[in-house]
Amino acid sequence: MTSLLRGGGRPRRPAAPTLASLLVLASLLVAASSLACSEDVSPPSEAPLEAGPAVTAPTALHRLTQTQLNYTLQDLFLTTELPAVELPPDIPVHGFSNNAVTRQASPFLVESLQRDMQAVTAAAMDAPGPWLDCTSDGGSDPVACGHSTLDRMIRRAFRRQVSQDELSWILGRFDQWYASLGFRPAMELALQTLLQTPDFLYIVEQPGLDAAEGADGSTPLSGWEVASRMSYFLWDSMPDAELFRAAAAGELDAEAGVRAQAERMLANSRADFMLLHFFEQWLAADLIEGIVIDPETYFSELEDEEESGGKIAAFRLALDAEFELFLRDFMRDDGTLAGLLTTRQTWATEDTADYYNATLDTSRSITISKFVGMVDVHEITMYPATLPADQRAGFLTSLPFLVGHAHPVFPSPVLRGVFVRERILCQPPGSPPDDVPPIEELEGMEPKTNRDRYSAHSNNPACSVCHEAIDGVGFPFEHYDSLGAWRDQDNGYPVDASGAVLGTDVDGPVNGAVELSERLATSRTAHDCMVKQMYRYAMHRNEAPDDKDSIAALQEAFWRDGGRIEGMLVEIVASEAFRTRREKSQ
Amino acid sequence: MSVRRRNFLTAMGLGAGSLFLPSLSRRARASGTPPTRFVLMYSAQGTVPDRWSTNPTDQPADHSWVEDMAGWSVGEMGEILAPLHAYRSQISVVDGLGLVSAEADGSGFRHERAQAHSLTGANAAWVGGFPYAGDATIDQVIADVVARPDRYRSLELSVGGGLSYDGYGSVIYRGRNQPLPVIDDPRLLWDRLFGAGMNGPIQDNQASVLDALSERYGALAGQLNPVDQQKLDAHRELVHALEAQIVGLAEAVCDDVPARPQTHGDYDTDFAAQLGMATVALSCDLTRVVSFQMGQLTNAQLGAPPGDVHADFAHGIYDSQEASDVMTAYGNYHASHFAQILAALEAVPEGEGTLLDSTLVVWMSEMADSWHGFDRYPVVVGGGGGACLRLGRYVHFPRSTPYQGLQYDQYPTMGLPHQRFLVSLCQAMGLPINAMPITELYNAMGERIDCSGPITELLA
């Protein structure tokens, strides 16, 4: 059960297993299969960066998210056949659950790590791959095998060169365990230890050890540190061999080298998954899991609760799958913000195609089955779908958005409008005034349409200031009911989908969500907002006043580049803000 | 407004004698010992005040008064609290508190602001314009003192997805901006409490893994900036605590462990399962502090037409009979949950009494009423602690705090600052705390409002 109040809902666990069940992860494995960081690499050069004008806010120490941990473990052990680490959910800020503000370690977190790393290391030792220098019984020289394996593993786990003290620490522990327990337990315990170190769990940066602090209080990062920042932002995982090589060669100390690596990394399918996780959080995909549809209103033809329950479960599954497939195709075919807001291509089942009035391409299909409630298996088949251009345009007219922002009986222009203001325009409406009068009091009459029901807000002076802005971009969605299906009539009356965009560079009256989406697609305000959202995600924190110039430069670049999302990722990674760290505000 | 850190009176022998309250010294003289366990039930939407409070003896509303509930009939308990009639001598009800500090702290976000203030007594930590809790919640303050270092410090449970609306996940905070994640799925709770795998060299040597980690955290200390260091220090302390917990839990013996639940998603089934496991965990001392975050009830549970309780009814309690009826059913439903908690604890024999005797059980909610008001904030406290807490009492406070909040009836004053209740809970648990943590507020006229000290009518 999920509350849909004010655009809210429970965060979906960003878990690798869910994804893996829908889309093939094999590409991850391929990309990770060149293990080549065992040779000694010299420390990166220490060429100082040229001092730029951009100032950034203090860095937030980042602990790997559950998604990042699972991907990293797969890359570390070169296999996808590991039990998933499941951590307590993170508390999102602005929708993003990687924000450092609320991610202080908790007892349950530490306990979960300790428990799950036992399972991970046991599985890794059950079927060891090239990461282990011998068989899992230790082979002919177990101590030598343990030492050489751990020597390599600690550097890959810490994502940098290690000191002699650090190496002695883990080898010494291994020796103790080996003496009393033998090879396999000693190996598992040593690996568990590595996987719970702060160096592995956090993106630890040690400022000022070998770099001078700039006049603005910022210090350049080492190449290793830049590599970790890049790979965890662009891939949600650890650096690969090539990125380690670039770090060691000092290529990441200069902007050009960072750009070159970023371009390379974005061509890898790991970046697709990273973007999907970003979109899931920015576009509130977690709401799909909690959607509730009133069967009496929408599925009255169905016999009983069981039948309607199955229908809704399959509907949720279809929306979940559509969200991922839609974004995957959109990033491949277009990849601009404007495209996101205007494309008429998506994926649908035969059922959801009906709600869309879509044309299906049945020559291609993807069949997805999933356990629901651990009891029922639901299977759906998705087809590429072309949507009617006069009724649909982009994500804001997609079922995953429309259904996620509706009540079980009535669609909600408020939830939809607040989403547009908050997530697309970065202009969150103030919270409701303290003295919200009940709608009933204002009505005085039975509302004829859904719009009537909500118009009370704007008619009341106390509410109207915010609601003009919210409803102006909320009422244009009135053509879509709680299932996201198109309607020309509401309760027997013609739908009025007129609204107005306020407070942007594209202000003015608007009629319907197609016109609204096409308008927003040309808006500088919307483009600027997406940069700000990505910046929050990349930096693991809210923007601060000190970030103003950095963000403004990125926004300008994004706008000039035609809103190309991958281009924005490169610009963020290449920016001063991303490649340096600040200890305190100016 | 002035905010002071909590006053640990035991540590304040130096010049702080004046803060040593009569109630404390009185309690110190009492022969019994305070309860050792604490259970919090926290529900959404406040209540329908007129149908929650009661006044069978027709006492004046504008005076403080205390009534003994022993002789009350079901009807006299009030509509919403009626399910607690059987327990009326084991609970006390406080009518007439106000979330005064919440009114004074920013604007908007009334659900979230009330959540932050009601449980902490502190001002919210506003991050990105959103009010997160600004200090530890009451259960965590109590856990600081009563939790065993070698067991689970506390269990944070939720039913129906919990009740922080915007997906923020939890209303329980270890400290400022430190929400503690909840377990909503009873199967996960079972796995955590009772699912420890087999023994073997790996399991038997976990303490040495954690010891190795402590060493690594230590080696890293001093190499980072203070803010990062603080974060890692917190993690390091948890690793250290886990080491003690692993050793301690290995020695715990739990009888009557329930079977692993098979499902997740049905509100009442989940609650029963969570409660059953929490009761076992309390009885075999796996933990001493448990909180239940009760998620939003649905229209179907309340027999209301399809829709959304909050959107359809909650705001309308003062304007629509139907809304008032539905929200009364809402409160009633949770009163039954509270009764179930009392019953579950009472069913476990312990010493010469029951588990309930050593457990302080509290029911609090977010706002005072579902119209978003903060005045006449409803609380029920019960269970053990007879040595420290007076039970069987109905305590009424008039609206005599000179602060005007958002009140439907636009009354110029509010009830007693709720910090007083939080302080009472601490003192009933034997904690030497006299402020939670706001000590005073000022209204627009500059008049001082005292928020410190306990509710003496509640303490023995």
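Values quoted throughout were computed directly from the atomic coordinates according to the rules given, and no laboratory measurement underlies them. Owing to the predicted nature of the structure, the values given are computational and were not obtained by experimental measurement. Cβ: placed from backbone, ideal geometry, glycine included. Neighbour counts: every protein chain shown.
Values computed for the structure shown
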{"read-out": "Cα-projected label distance for A:TRP559 with A:GLU583, points at 7 Å along beta-carbon direction, nm", "value": "3.7"}
{"read-out": "Overall form of the protein assembly as shown per C-alpha gyration tensor (a/c, 1.5; a/b vs b/c)", "value": "oblate"}
{"read-out": "Under Karplus coefficients 6.51, -1.76 and 1.60, residue-wise ³J(HN,Hα) of segment A:110-122 in Hz, glycine/proline x", "value": "4, 5, 5, 4, 4, 5, 6, 5, 5, 5, 5, 5, 5"}
{"read-out": "³J(HN,Hα) computed for each position of segment B:390-407 - Karplus, 6.51 cos²θ - 1.76 cosθ + 1.60, integer Hz, glycine/proline x", "value": "8, 10, x, 10, 10, 10, 10, 10, x, 8, 10, 8, x, 9, 9, x, 7, 10"}
{"read-out": "Using a Förster distance of 41 Å, the FRET efficiency for A:THR135-A:GLU289 (Cβ separation, nearest 0.05)", "value": "0.40"}
{"read-out": "Semi-axis lengths (Å, descending) of the ellipsoid that matches the C-alpha gyration tensor of segment A:60-204", "value": "29, 16, 13"}
{"read-out": "Alpha carbon convex hull of segment B:196-259, projected area averaged over orientations, nm²", "value": "5.7"}
{"read-out": "Where Rh is the Kirkwood radius over Cα pairs, Rg/Rh for segment A:245-385", "value": "1.11"}
{"read-out": "Antiparallel DSSP beta bridges within the protein assembly as shown, as percent of all bridges there, nearest 5", "value": "70"}
{"read-out": "Fraction of the pair-distance distribution of segment A:271-521 above 31 Å, Cα-Cα pairs, percent", "value": "24"}
{"read-out": "Overall form of segment B:154-300 per C-alpha gyration tensor (a/c, 1.5; a/b vs b/c)", "value": "oblate"}
{"read-out": "Amide H contacts of A:SER237 (H built 1.01 Å from N, under 5 Å, at least 5 apart or other chain)", "value": "A:TYR232"}
{"read-out": "Label zone at A:GLU306, where the point sits 7 Å out along the Cα-to-Cβ direction: segment A:344-358 residues whose backbone N lies under 20 Å", "value": "none"}
{"read-out": "Value at 222 nm in deg cm²/dmol, rounded to 500, when DSSP H runs of n ≥ 4 in chain B each add -39,500 (n - 2.57)", "value": "-10000 deg cm²/dmol"}
{"read-out": "Using θ = phi - 60° and Karplus 6.51 cos²θ - 1.76 cosθ + 1.60, couplings along segment A:92-97 (whole Hz; Gly, Pro as x)", "value": "x, 10, 6, x, 9, 8"}
{"read-out": "Distance histogram in 5 Å bins (all Cα pairs of segment B:33-110, percent per bin)", "value": "3, 11, 18, 21, 17, 15, 10, 5, 1"}
{"read-out": "Dimensions (Å) - chain B, Cα atoms, principal axes, largest first", "value": "68, 54, 49"}
{"read-out": "Residues with amide H under 5 Å from that of A:ASN98, placed H, sequence gap 5 or more", "value": "A:VAL93"}
{"read-out": "Efficiency of FRET between B:GLN340 and A:ALA544 - r from beta-carbon atoms, R0 60 angstrom, step 0.05", "value": "0.80"}
{"read-out": "Sites A:ASP333 and B:ASP450 - FRET efficiency at Förster radius 56 Å, r taken between beta-carbons, to 0.05", "value": "0.30"}
{"read-out": "Spin-label model distance (nm) - A:ALA260 vs B:GLN229, 7 Å beyond Cα toward Cβ", "value": "3.9"}
{"read-out": "Full-stretch length increase - B:ALA61, B:ALA347 - with 0.36 nm per residue and alpha-carbon distance subtracted", "value": "99.2 nm"}
{"read-out": "Cα principal axis extents for segment B:266-401, largest first, Å", "value": "51, 42, 19"}
{"read-out": "Counting all C-alpha pairs of segment B:365-460, share separated by more than 17 Å (%)", "value": "55"}
{"read-out": "Simple label model, 7 Å out from Cα along Cβ direction - A:GLU350 to B:ALA207, nm", "value": "6.3"}
